[in-house]
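I'd like to ask some things about the structure below.
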Amino acid sequence: MLRDLADDTKTPTAAGTSTGRETAPVYADALDVANTLTPDGPVFCYSAQALERQTQMFLTGFPGEVTYAVKANPSPEIIRTLSRHGMTTFDVASPAEMILVRTEAPEAGLHYHNPVKSRDEIAQAYHRFGIRHFAADDEAELHKLASTIADRSAVEAVIRFRSGKNRAVHDFSTKFGAEPDHAAGLLKLANNLGFELALTFHPGSQCLDARSYVENIEAAGEICRKAGLKIGRLNVGGGFPVAYPGEAVPPLAEFFSAISDAATGVFGPDHPALVAEPGRALVAGCTSLLARVKHRRPHNDDLFLNDGIYGAFMELTQAPVDLPCRAIRNGRVLEGPKQAFTLYGPTCDPLDRLPNPFVLPANVADGDWIEFGMVGAYGAATVTRFNGYGAIPGVAVDTVVS
């Protein structure tokens, strides 16, 4: 993702790629990038310092092992920064993500917690990448694992279940997870097949209430009781929230404490080892997008940008979150009276419209830049090449708007 745009702002590389140029310049912020490089295409501004701070918050605060959910942002710089600052395990969902992590962090451990995998994917994970942690949420998947893996004594079958009320922006229970009674049967089957045993759940992305974790941990205890089995580990998934503008979000310490207390209350002081796999909460705040205004309609409040929902803003169509933003012109931040604008992306598709209005200075015009903060989660991950757009390079900065 990172590259020096000083000599080549018109022909950017694809989002998520890396030139390996560790000596690329570091700019102060997006204002410095706009003033120095005057890019006409969109640019990701990445702050390693912001990611380092969030990484340490998880590694020192969560009462167990922390793994990074690569799907949230698969940029090589993200993987390298996490690895340099203590992240030793990554949650991967495909062979492509396995290759990425092995390239950028060769010694890192891998968890394959996508509950549905082909036989070839299982074989690659086990034989080529040495993965020993596999999720499943039905009998067929467990039998697929068993038929592919001969020596199962050191392989962990992680049974994914769903339980409790959804309190998240994205409800993850609609696609994956066995009901608790079913999960108890799956735990028995995994035990009979000779696997090591673990349970996992996911409270949903951007989960705003720690009770979701507590209820699921209580359900895990009931599953173990019904199965008559002990588990070695309990993975509480991701879902940890981010404080987007206008949202009242409890501190992460409140979630960590609730998880620790619930595990002890349900399983006792010798509770299963706890694992988390945050994505959004780790990387959302480390990246902003510097976009440029291509056109302003003269008789309404429509602005056309050089990036849209087929680029870094796709998630805005799925989640009702706002992004911090600021407008930039001639090396300074635009001030003055503000108003709401409807924002459109650069493609010829009328669907390419950001769902919520953005409040910006009333005098914003074509040629100005707008920095959108908190796009580190899913911004780079969901970029397409529709209509020939979507090649978004990145530069390193000290700080991003938040």
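The values are calculated or read from the model by the stated rules, or taken from the named source; none is laboratory data. Since the structure is predicted, the reported quantities are computational estimates derived from the model, not experimental observations. Because the Cβ atoms are built from the backbone with ideal geometry, glycine has one as well, and the counts that use them run over all protein chains shown.
Only one of (1) within 26 Å of the chain's Cα centre (by Cα); (2) hydrophobic (A, V, I, L, M, F, W, C); (3) not in a loop (DSSP other than H, G, I, E, B) fails for F341. Which number is that?
In the conditions (1) within 26 Å of the chain's Cα centre (by Cα); (2) hydrophobic (A, V, I, L, M, F, W, C); (3) not in a loop (DSSP other than H, G, I, E, B), F341 misses (1) alone.
Moving on to the next point. Which residues, taken from the range 235-275, are modelled with pLDDT of 95 or more, under 20 Å from the mean Cα position of the chain (by Cα) and among the charged types (D, E, K, R)?
None; the set is empty.
Next question, about the same structure. May I ask you to verify whether P42 is crowded, with 19+ Cβ neighbours inside 10 Å, within 21 Å of I392 (Cβ to Cβ), out of contact with any helix residue (DSSP H, G or I) (no Cβ under 9 Å at 6 or more places or on another chain) and touching a residue at least 24 places away in the same chain (Cβ under 8 Å)?
Details: crowded, with 19+ Cβ neighbours inside 10 Å: yes; within 21 Å of I392 (Cβ to Cβ): yes; out of contact with any helix residue (DSSP H, G or I) (no Cβ under 9 Å at 6 or more places or on another chain): yes; touching a residue at least 24 places away in the same chain (Cβ under 8 Å): yes.
In short, yes.
So if I check each of A219, A243, A210, which one is aliphatic (A, V, I, L, M) and free of Cβ contacts under 8 Å to residues at least 12 places away in the same chain? Break it down into steps so the answer makes sense when it comes.
On the way: A219 fails: free of Cβ contacts under 8 Å to residues at least 12 places away in the same chain; A210 fails: free of Cβ contacts under 8 Å to residues at least 12 places away in the same chain.
That would be A243, the only listed residue that is aliphatic (A, V, I, L, M) and free of Cβ contacts under 8 Å to residues at least 12 places away in the same chain.
Name the pairs: first residue in the range 361-388 and closer than 26 Å to P76 by Cβ, second residue of a type in the set (D, E), Cβ to Cβ under 7 Å, at least 6 apart or on different chains?
Correct list of pairs: Y378/E315; T382/E315.
Hey, among G311, G285, which residue is under 27 Å from G345 (Cα atoms), touching a residue at least 24 places away in the same chain (Cβ under 8 Å), not in a loop (DSSP other than H, G, I, E, B) and not hydroxyl-bearing (S, T, Y)?
Working: G311 fails: not in a loop (DSSP other than H, G, I, E, B).
Of the residues listed, the single one that is under 27 Å from G345 (Cα atoms), touching a residue at least 24 places away in the same chain (Cβ under 8 Å), not in a loop (DSSP other than H, G, I, E, B) and not hydroxyl-bearing (S, T, Y) is G285.
Let me spell it out: the conditions are (1) more than 28 Å from the chain's Cα centre (by Cα); (2) within 19 Å of A391 (Cα to Cα); (3) crowded, with 18+ Cβ neighbours inside 10 Å, and K294 meets all of them except one. Which number is the exception?
Every listed condition holds for K294 apart from (3).
Which one of I231, I217 is among the aliphatic types (A, V, I, L, M), assigned to a helix (DSSP H, G or I) and buried (at least 22 other Cβ atoms within 10 Å of the Cβ)?
On the way: I231 fails: assigned to a helix (DSSP H, G or I).
Selected residue: I217, the only one of I231, I217 that is among the aliphatic types (A, V, I, L, M), assigned to a helix (DSSP H, G or I) and buried (at least 22 other Cβ atoms within 10 Å of the Cβ).
For the range 117-153, name all the residues that are in contact (Cβ under 8 Å) with a residue 40 or more places away in the chain and within 26 Å of the chain's Cα centre (by Cα).
Hits for the range 117-153 are H133, A135, A136, D137, D138.
Let me ask you something else. Can you find even one residue in the range 95-110 that is farther than 21 Å from T200 by Cβ, over 24 Å from the mean Cα position of the chain (by Cα) and not hydroxyl-bearing (S, T, Y)? Don't jump to the end; show me each part of the working.
Here is the first cut: in the range 95-110, the residues farther than 21 Å from T200 by Cβ are 96, 99-100, 102-107.
Checking the rest, the ones that are also over 24 Å from the mean Cα position of the chain (by Cα) come to none.
No, every residue in the range 95-110 fails to be farther than 21 Å from T200 by Cβ, over 24 Å from the mean Cα position of the chain (by Cα) and not hydroxyl-bearing (S, T, Y).
Here's something else I'd like to know. If a residue has to be loosely packed, with under 15 Cβ neighbours inside 10 Å and assigned to a loop (DSSP other than H, G, I, E, B) to count, how many in the range 316-338 make the cut?
Total meeting the criteria: 7.
Is it the case that F313 is under 16 Å from the mean Cα position of the chain (by Cα), surrounded by 14 or more Cβ atoms within 10 Å (Cβ to Cβ) and either assigned by TED's automatic domain parsing to the domain that holds V214 or not basic (K, R) (or both)? So that I can check it myself, show each step before the final result.
On the way: under 16 Å from the mean Cα position of the chain (by Cα): yes; surrounded by 14 or more Cβ atoms within 10 Å (Cβ to Cβ): yes; either assigned by TED's automatic domain parsing to the domain that holds V214 or not basic (K, R) (or both): yes.
Yes: the conditions hold for F313.
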